[in-house]
Amino acid sequence: MTQGAGPAGRCPPGGALPLVPTHRPTDLPKGRTVTLTAPAGTAAPPTPPPDEAARPSAARRVWATVSPYAYIAPFFTLFAAFGLFPLVYTAFVSLYRVELQTPGDMEWRGLGNYTALFADEFFWTSLRNTFTIGVLSTVPQLVMALGLAHLLNYKLRGRTFFRTAMLLPYATSVAAATLVFAQLFGHDFGLVNYVLGLVGIGPVDWQTGTVASQVAVSTIVVWRWTGYNALIYLAGMQSIPSELYEAAEMDGASRWRQFLHVTLPGLRPTIVFTVVVSTIGATQLFGEPLLYEGSVSGGISHQYQTLGLYMYEQGWGFFHLGRAAAIAWVMFLLIVVLVGANALFARRRSRKEAGR
Amino acid sequence: MTTRAGRTLHGGKVAYAILILAVLVSAFPFYWTIVAASRSNADLAQVPPSLLPGPNLIRNIEAVMEEADIGTALVNSLIVSGSITVGTVLCCTLAGFAFAKLRFRGRGALLAVTVGTMMIPPQLGVIPLFMVIAELSWVNQLQSVILPGLVSAFGVFFMRQFLVQALPDELIEAARVDGASTARIFWSIVVPIARPGMAVLGLLTFMAAWNDFFWPIVALSSQNPTVQVALRQLGGGYVHDQSVIMAGTLLGTLPVLLVFGLLGRQIVGGIMQGAVKG
Amino acid sequence: MPIARAARRAAVRLGAVALTGALLAACGSGASDGSSDAAGGKVTITVDLFGSFGYKEAGLYAEYERLHPGITIKQTDTEDEQDYWKSLQTRLAGGGGLADVQGIEVGRIASVTQQQADKFEDLGKYGAKDLKDQFAEAKWSAATTKDGRVLGLGTDVGPEAMCYRTDLFEQAGLPTDREELARKWATWDGYLELGKQYKAKAPAKSAWLDSVGSLYTIMIGQEEERYYDASGKLVYEENPAVKAAWDAATTAARAGLSAKLDQWSPQWNQAFAAGSFATIPCPAWMLGYIKGQAGEAGKGKWDIAKLPGGAGNWGGSYLAVPRAAKHKKEAYELIKWLTAPEQQAKLFEKQGNFPSSTGAIAKVADAKDPYFSDAPIGRIFGDAAKEAPVQILGVHDKNVADQITNALSEVERKGTAPDKAWANAKKGVDNVMG
């Protein structure tokens, strides 16, 4: 869909993937095609009976056009049942008043669930929280990841160790990480307040303070994802041809200028990718705020209740399935808009630069 | 930190210092989990808190076994994550191969749809999905978590990207000239070549399935929990011995850490590969 | 509405078919849950509970299995009642995964009798009506529908008292004798007044009570009419009793008498061992928590006195048999036995859950608890149980209470003005009602 926007040949076939970085090594191993040896395996090319191959029957030709669908059928069948059907059905449910306790009784409300949302103070609070927590978690996470990736890109002793260790948080579950952090952020007996107390900062109320609690929840997200993003940036950096740096060096560009003018532009597709993924993740944020204090309301004043959590409270705390469905759809639309805006923005930028 | 530019730059002391700090920050919560899990509730209420492991690990693990049925949870999680991993890798390799190398009508559009589904929040499907599994009387049964877990748009996309590069068209052409059917090509050529990609996808899927949380807490209950459901139960409980909770967290995290410890290198490689290609 | 209902059915069926198709077409997997009954006359009764009913700990299951060869009892337990209720509702709606016996908290029993009567067995079918005289009248009637179906048998009740730390009282120069204290805090004003005295001389980092939420809840437990009136109308806004409890709680919050701990939070749990508060309103079942959280080190430091402002009740539960249960008859026999006077008395002695059976109350009248300085718990809680008012229960009792205690936490921990907090509580309740 965005084909032609960027430099020719950088979009993968299929065309619809402007959001993902598409660095491809320009020096694809061409030799491979000649030798006909599979790199990973030992599979000898099959040798079917020659007579059958000589005259492909009509049935086989039909099969050849149909068979590709057989390969995607399992995925799309599953997708239809667990992806598409829920999507459509949620839209249907969102037009009714449905209670979990009596799911058989559906009362038509039209767009009532949606209009009620716009008058619903808690909805706006959770929308605002989703946004602020999203910013508080995404921005530091990506900036720090960029810095770490830059360092990891140096020639280092024990680089595998550093990379693996930094990915460790990614392997932890939301549930486990949040339980640990909830402990660390405890008001009276938490380690964080103890350390802050050593340097003379009075106990911070990481639970009830609006900013403090949002910082605490964001910290969990940042901790889990910074290393992962650093590795993705690192991969992006490594695919930037070193000739570019050499050329910049010859022009007398400083390290910082090299970072600004070579690394960052080269990383742009990767950055767009991580921003999009993080935005989606932030919009759907749910486990961290739920488990932080174990309350569906996201704190006593809803101070860190996100949209995902509010949906859960409506659906499984108060049993209002119809309203919960409406919130779910609003979330989906929000993501579509955010991702669309992102893509548009990225496309504009690259157009502008292509035209320069 | 002078000389050479670009990718051959050597790391200086500052770089090491920052990286070591980052590693410590990454690892500290794990260490803290061990400390907390091996102490008692009263220890944890002390100021200043102690930073060394204590003697209560076994007692706390026994308590968590009693209170949250972590044993069942571990077995369930293993079944769920294992099935999801095998199923996902298989489905995604099939579809990824078709999208990468087969020609058929609607290929571009279908691929776009697939990628688009990555935007659907998991919360969206929960309500109807729940109604469906209720209709099938699957509430509280493992297949209600396994089947929806098999849908992985990311996986399809990942395998497609992998195969576009790793599988030369010529290889397929040659096999076709020799008269091999597509199915034959798939099993004898595609799968062996796709194996490294499948392994990475399998690892990522396993970790994601193990850690998945939103749908399982709706579909399952403490009667038949996965590890994450059991952890959530511990975190929201009345009897709230922090050291016991931490022992549960430790038990629930260990298997993934084990996988990570053994195959961390491959996972790192996989993520970086996936990032560049996909 | 029938059309919508049919449409929904059709759509769900469609989804189910698509799903089954997916199962067959794709990588199907036949995982089944592990709990199936052994054949040959053996029956496994499943029991699903929340919190701590204490049957297993008191050895009652083992005893029942001994008395009834061929019967095995399997219990699962969710600590948090909110989680338990959510999961139970989900399974009732889905009609799957239900146990033979399900526990029901008293705050939910109205929802069961008014909204979900058709999802539970009428125990009258099995002869439960003969048991009526065993139970306190209020306990029995709350689980009976308007048309006379009996949906659950009462287990424990939650007569209220006040637990306090004698060592901390001594340090602050307050009397420690339970009779004297009962006189001094005969009213809630007296209790708050003592609190101010305590605060003036208290040891560092020690507050008068754990949270104003527990103060509010215990006070509301002394009232007959709370959130709903007898006709089922929501009246919490106009109810002077709610207002009085709210005012007392906000007064305590503003006077800085509480340790600002949310009940059931990790911090709250840790505070028992740390001695962060000197008093905690305690229904009978709270004794078990105190023992568990304060541990051996707390033995002999605690005592129990009569509650300020009269008798009240907080909590208590029922056992019910869902329609979808596999072994209804056996389940009924089991809960009949578990709730019989002998077993209730035994449970109180071992676990502290106070009996709802009148016969059992008489049996335990002389019980004392060494952990609580030999306080006469049988008498204190027995008197409270006799004098406590019969409460009018509403469908959303628990949800309304949660919103109000949340708002109280705002006053307590954030210094929110009480009027603003009350407005927040009201908005929260409106949101619950949808």
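The values are calculated or read from the model by the stated rules, or taken from the named source; none is laboratory data. All values reported here derive from a predicted model rather than from experimental measurement. Here the Cβ is made from the backbone with ideal geometry for all residues, glycine too, and neighbour counts use every protein chain on show.
Key figures for this structure:
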| quantity | calculated |
| --- | --- |
| Residue list for the range B:107-163, filter: within 14 Å of chain C (Cβ to nearest Cβ), among the hydroxyl-bearing types (Ser, Thr, Tyr) and surrounded by fewer than 21 Cβ atoms within 10 Å (Cβ to Cβ) | B:Ser137 |
| Elements of type helices (runs of 4 or more DSSP H) contained in the range B:159-217, each with 3 or more residues being under 26 Å from B:Arg265 (Cα atoms) and either modelled with pLDDT of 90 or more or in contact with a His (Cβ under 9 Å, 6 or more places away or on another chain) (or both) | B:191-211 |
| Looking only at the range B:55-67, and only at residues there that are modelled with pLDDT of 85 or more and surrounded by 17 or more Cβ atoms within 10 Å (Cβ to Cβ), the one that is farthest from C:Gly275 (Cα to Cα) | B:Ile61 |
| Test: residue in the range A:264-278 that is more than 20 Å from A:Val139 (Cα to Cα) and part of a helix (DSSP H, G or I) | no |
| Subset of the range C:75-103 [at negative phi and more than 22 Å from the chain's Cα centre (by Cα)] | C:Ala93, C:Gly94, C:Gly96 |
| Condition met for C:Glu412 (crowded, with 21+ Cβ neighbours inside 10 Å and not aromatic (Phe, Trp, Tyr)) | yes |
| Residues being of a type in the set (Gly, Ala, Ser) and in a helix (DSSP H, G or I) - total across the range C:191-221 | 4 |
| Matching residues in the range C:236-274 - criterion: being surrounded by fewer than 18 Cβ atoms within 10 Å (Cβ to Cβ) and part of a loop (DSSP other than H, G, I, E, B) | C:Glu237, C:Glu238, C:Ala255, C:Gly256, C:Gln263 |
| Qualifying residue in the range C:103-122 (condition: at pLDDT 95 or above, within 13 Å of another protein chain (Cβ to nearest Cβ) and under 18 Å from C:Tyr332 (Cα atoms)) | yes |
| Unique residue being within 17 Å of C:Asp369 (Cβ to Cβ) and either of a type in the set (A, V, I, L, M) or in contact with a strand residue (DSSP E or B) (Cβ under 7 Å, 6 or more places away or on another chain) (or both) when the list is C:Ala274, C:Ala320, C:Ala297 | C:Ala297 |
| Qualifying residue in the range B:243-251 (condition: touching a residue at least 60 places away in the same chain (Cβ under 8 Å), surrounded by fewer than 24 Cβ atoms within 10 Å (Cβ to Cβ) and among the β-branched types (Val, Ile, Thr)) | no |
| Some residue of the range A:106-124 being closer than 30 Å to B:Ser77 by Cα and either more than 9 Å from every other protein chain (Cβ to nearest Cβ) or free of Cβ contacts under 8 Å to residues at least 24 places away in the same chain (or both) | no |
| Residue among A:Pro45, A:Pro49 that alone is touching a Leu at 6+ places or on another chain (Cβ under 8 Å), over 26 Å from B:Pro128 (Cβ atoms), at pLDDT below 90 and not small (Gly, Ala, Ser) | A:Pro45 |
| A:Leu321 being crowded, with 20+ Cβ neighbours inside 10 Å, of a type outside the set (D, E, K, R) and more than 30 Å from C:Gly428 (Cα to Cα) | no |
| Scan of the range C:53-74 for residues that are of a type outside the set (D, E, K, R), in contact with a helix residue (DSSP H, G or I) (Cβ under 7 Å, 6 or more places away or on another chain) and within 14 Å of chain B (Cβ to nearest Cβ), ordered by number | C:Gly54 |
| Search result, residues across the range C:393-407 that are aliphatic (A, V, I, L, M) and facing chain A (nearest Cβ under 9 Å) | C:Ala407 |
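Here's the yes/no breakdown for (1) in the same structural domain as C:Gly51 (by TED's automatic domain parsing); (2) surrounded by 19 or more Cβ atoms within 10 Å (Cβ to Cβ); (3) farther than 30 Å from B:Ser40 by Cβ:
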position: C:Lys306; (1), (2), (3): no, yes, yes
position: C:Lys326; (1), (2), (3): yes, no, yes
position: C:Ala340; (1), (2), (3): yes, no, yes
position: C:Ala345; (1), (2), (3): yes, yes, yes
position: C:Ser356; (1), (2), (3): yes, yes, yes
position: C:Gly359; (1), (2), (3): yes, no, yes
